[in-house]
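**Q** I have a structure here, written as structure tokens, and I will follow up with some questions on it.
The values are calculated or read from the model by the stated rules, or taken from the named source; none is laboratory data. None of the values given here were measured: they were computed from a predicted structure. Quick reminder, even Gly has a Cβ in these numbers, built from the backbone with ideal geometry, and neighbours come from all protein chains shown. All accessible areas refer to the heavy atoms of the entire protein, side chains included, with ligands and DNA or RNA removed. Shrake-Rupley method; radii C 1.70, N 1.55, O 1.52, S 1.80 Å.
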Amino acid sequence: MLENTWWKSGIVYQVYPRSFQDSNGDGVGDLPGITSRLDYVAGLGVNAVWISPIFPSPMADFGYDVADYCGVDPLFGSLADMDALVARAHELGLRVILDFVPNHSSDQHPWFAESRSSRHNPKRDWYIWRDAKPDGSPPNNWVSNFGGSAWQWDEATGQYYYHAFLREQPDLNWRNPDLREAMHDVLRFWMDRGIDGFRVDVIWHLIKDAEFRDNPPNPGYNEGRPEIDSLLQVHSTDQPEVHDVIAGMRRVVDDYPDRVLIGEIYLPVERLVTYYGKDLSGAHLPFNFQLIQTAWNAHAIAKLVNEYEDALPAGGWPNWVLGNHDQPRIAARIGAAQARVAAMLLLTLRGTPTMYYGDEIGLARVEVPPDRVQDPWEKNEPGLGFNRDPERTPMQWDDGAHAGFSSHDPWLPLAEDYRQCNVAALSREQGSILNLYRRLIALRGASHALSVGSYVPIPSAEPLLAFRRVHGEEDVMVFLNLDAEPHTAELRCRPAGGRILLSTYLDRAGEEVGVKVALRPNEGLIVSATRG
Ligand code: GLC
């Protein structure tokens, strides 16, 4: 039944493992560290943790270059540490979702070593090899997401291989049935160990044009954008055959009870929703990044929510995200005051919310000096403003040395104000964003309307965003003021008012409101509607 499905009614919390908790004093987070903080995660009231890659890796792209899909990198611990993490999470009622990175492996993966060893190796076809053009240039004009040609010449075997990301991340060939089967075994390996689901990295990339045609130029491209944007990714991503591949993964996942398949997809809404698959045979949740990409105003957000709701296939369950390890943090994008409004939006929209660690303490942009840059994208295309380090900095637990994250200088710097911006301090401060997140999560968990109810927009004018969530007799209204001035919302038809359940200021609970709902600057309100 809908309401009992954990990944529909629940909340996912993303942990970037290098930055959650270091247990062995090397300045980098690890699995025993995460396990030691699971009480905190469960205490927030979320239902699942998604952990970004922890597999053996040369770390060219911080674990998104996997050298063994069925292991744990010693930097993060061991398989036994993972088993212990899963056991503790399950004791606490938390599900564990792993990152699955099937589009490419590391160039250090034994499969790639075999593949590049000779043109006749049985695993040659597990990767994407092509001849040079007659003049020796790459097979087509495709560009790497991190800049430069997406083709790397291999002197020994006289062909190019394709890499959508770093040259250390050769793309796997999902048209090859043996590769598919090997990857399905990887999914089984982790589910047999109790893993509850997967977030599949760049799932829309898995199949490329069979003829490897050139991508057309992007007429809207301008300097200052990453090179990848100079071409429209018409032939390199989002190919029709990808849906068979995803349906294949989904069948494997469905062989196990109660698992979830989440896909990472950066596409416009009308393309995104095709990833639910024919008859919902695709990803349970194709990640919906619209709130990351939108201008932060009421009109734009109301429009995109409506478009998304309208575009969903019958039976498809929505999901919402404010940030992740690839995107500037929400508080950095819209400021501290609106970050609280955003929290209310994320946790009251219809659909599974995914929170990004640190957003609940209002972590904003952490300055990373040039000599401490880690992100390979920034190193390849410096200065364009796409450095991902500022959103990957350590979790700030207390005001002690290294914010309680580590006993060592961490791999990325802490926020300058970490002595104020940390879990311990904000837990004590009654009106803090952390306590707001806790209240929002508790309210959502206790309300069928908020967790699984229908979504009904309430007509309202800029800068107010308003909607209802309805489930049976339960009718909840949400009013969000996206402005730094006070504004009054007016209910033009029923319901004619109600009682405030929560303000983003964490006061006013219990106050009655009528058809006019006064909102303070940057205030969000959840109101239980008076029926009748
Ligand atoms: C995804 C990951 C990102 C990584 C890329 C290549 O977009 O989220 O961090 O760099 O894929 O694997």
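**Q** Rank by packing, highest mean first: peptides 352-363, 215-226, with packing defined as the count of other Cβ atoms within 10 Å averaged across residues.
**A** Numbers: 352-363: 25.1, 215-226: 11.9.
Listed from highest to lowest mean packing, they are 352-363, 215-226.
**Q** Please report the Cα spread of segment 300-397 along all three principal axes, rounded to whole Å, starting with the longest.
**A** Taking the Cα atoms of segment 300-397, the three principal extents are 50, 30, 22 Å.
**Q** Please list the radius of gyration and Dmax for segment 110-162, considering alpha-carbon atoms only, with Å as the unit.
**A** Here Rg and the maximum Cα pair distance are 11.3, 31 Å.
**Q** As a check on your grasp of the helix formula, calculate [θ] at 222 nm for the chain: sum -39500 (n - 2.57) over DSSP H runs of n ≥ 4, divide by the residue count, round to the nearest 500.
**A** On the way: 15 runs with 136 residues, N = 532.
Value at 222 nm, helices only, nearest 500: -7000 deg cm²/dmol.
**Q** Would you mind calculating the gained length between E416 and D279 on full extension (0.36 nm times residue separation, minus the Cα-Cα distance), in nm to one decimal?
**A** Working: separation 137, 0.36 × 137 = 49.32 nm, distance 4.97 nm.
Here the segment from E416 to D279 would lengthen by 44.3 nm.
**Q** Continuing with the same structure: Give the calculated FRET efficiency between N306 and R119 to the nearest 0.05, with a Förster radius of 56 Å applied to their Cβ-Cβ distance. Don't skip to the end; give the middle numbers.
**A** Values: r = 53 Å, r/R0 = 0.95.
Once the sixth-power term is evaluated, E becomes 0.60.
**Q** Follow-up. Compute the distance from the alpha-carbon center of segment 295-332 to that of segment 30-94, in whole Å.
**A** Going from one Cα centre to the other spans 27 Å.
**Q** While we're on this one: Answer with one residue from M477, A509, L464: the one whose Cα lies farthest towards the positive end of the charge dipole of segment 454-529, charges on Cβ with Lys, Arg +1 and Asp, Glu -1.
**A** M477
**Q** So which of K123/K278; K208/K303; K123/K208; K8/K278; K8/K303; K208/K278 end up more than 27 Å apart by C-alpha?
**A** Numbers: K123/K278 31 Å; K208/K303 32 Å; K123/K208 18 Å; K8/K278 19 Å; K8/K303 23 Å; K208/K278 20 Å.
Beyond 27 Å: K123/K278; K208/K303.
**Q** Next question. Modelled label-to-label distance, A247 and D209, 7 Å Cα→beta-carbon offset: nm?
**A** 2.5 nm
**Q** Starting from the coordinates of the alpha-carbon atoms of segment 150-195, obtain the Kirkwood hydrodynamic radius over all distinct pairs and give the value in Å to one decimal. Could the numbers behind the result be given before it?
**A** Details: mean 1/r = 0.0795 Å⁻¹.
Evaluated over segment 150-195, this radius sits at 12.6 Å.
**Q** Next up: Residues in segment 65-85, backbone N under 17 Å from the label point at A182 (7 Å along the Cα-to-beta-carbon vector): list them, ranges by number please.
**A** Within reach of a label on A182, which here means backbone N under 17 Å from a point 7 Å along Cα→Cβ, segment 65-85 contributes 65-71.
**Q** For the chain, what's the relative contact order in percent, using C-alpha pairs closer than 8 Å and at least 6 residues apart? Before the final figure, lay out the partial values.
**A** Values: 1144 pairs, mean separation 66.2, N = 532.
About 12 percent, as a whole number.
**Q** Another question, then. Evaluate the Kirkwood expression for the hydrodynamic radius of segment 1-152, namely the inverse of the mean inverse distance over all pairs of different C-alpha atoms, and round to one decimal in Å.
**A** Details: mean 1/r = 0.0560 Å⁻¹.
One decimal place: 17.9 Å for the Kirkwood radius.
**Q** OK, next. Hey, can you find the accessible area per residue of the chain for me, probe 1.4 Å, expressed in square angstrom? Intermediate values should be presented prior to the final figure.
**A** Working: 19840 Å² over 532 residues.
For the chain, the solvent-accessible area averages 37 Å² per residue.
**Q** Still on this structure, I have one more. State the answer as a single residue: which of Y13, S406, H487 lies farthest towards the positive end of the charge dipole of the chain, with beta carbon charges of +1 for Lys and Arg and -1 for Asp and Glu, about the Cα centre.
**A** H487
**Q** What is the pair-distance distribution P(r) of the chain, computed from all Cα-Cα distances in 20 Å bins starting at 0, with each bin given as a whole percent?
**A** Pairs per bin, as whole percents: 22, 55, 22, 2.
**Q** Over the Cα atoms of segment 386-478, what is the Rg over Rh ratio if Rh follows Kirkwood?
**A** That ratio is 1.16, to two decimals.
**Q** Treating only the Cβ atoms of Lys and Arg (+1) and Asp and Glu (-1) as charged, compute the dipole magnitude of segment 215-294 about its Cα centre; round to the nearest 20 debye. Intermediate values should be presented prior to the final figure.
**A** On the way: 6 positive and 12 negative charges, 23 e Å.
Computed about the Cα centre, the dipole is about 100 debye.
**Q** Quick one: grab the alpha carbon gyration tensor of segment 3-79, order the square roots of its eigenvalues as a ≥ b ≥ c, and give me rounded if a/c is under 1.5, else prolate or oblate depending on whether a/b is larger than b/c. Write out the running numbers ahead of the final one.
**A** Working: a/c = 2.60, a/b = 1.56, b/c = 1.67.
Oblate shape, in that a/c is at least 1.5 and b/c is the bigger or equal ratio.
**Q** Carbon-plus-sulfur fraction of the accessible area of the chain, 1.4 Å probe, in percent?
**A** On the way: 10090 of 19840 Å².
Percent of accessible area from carbon and sulfur atoms in the chain: 51.
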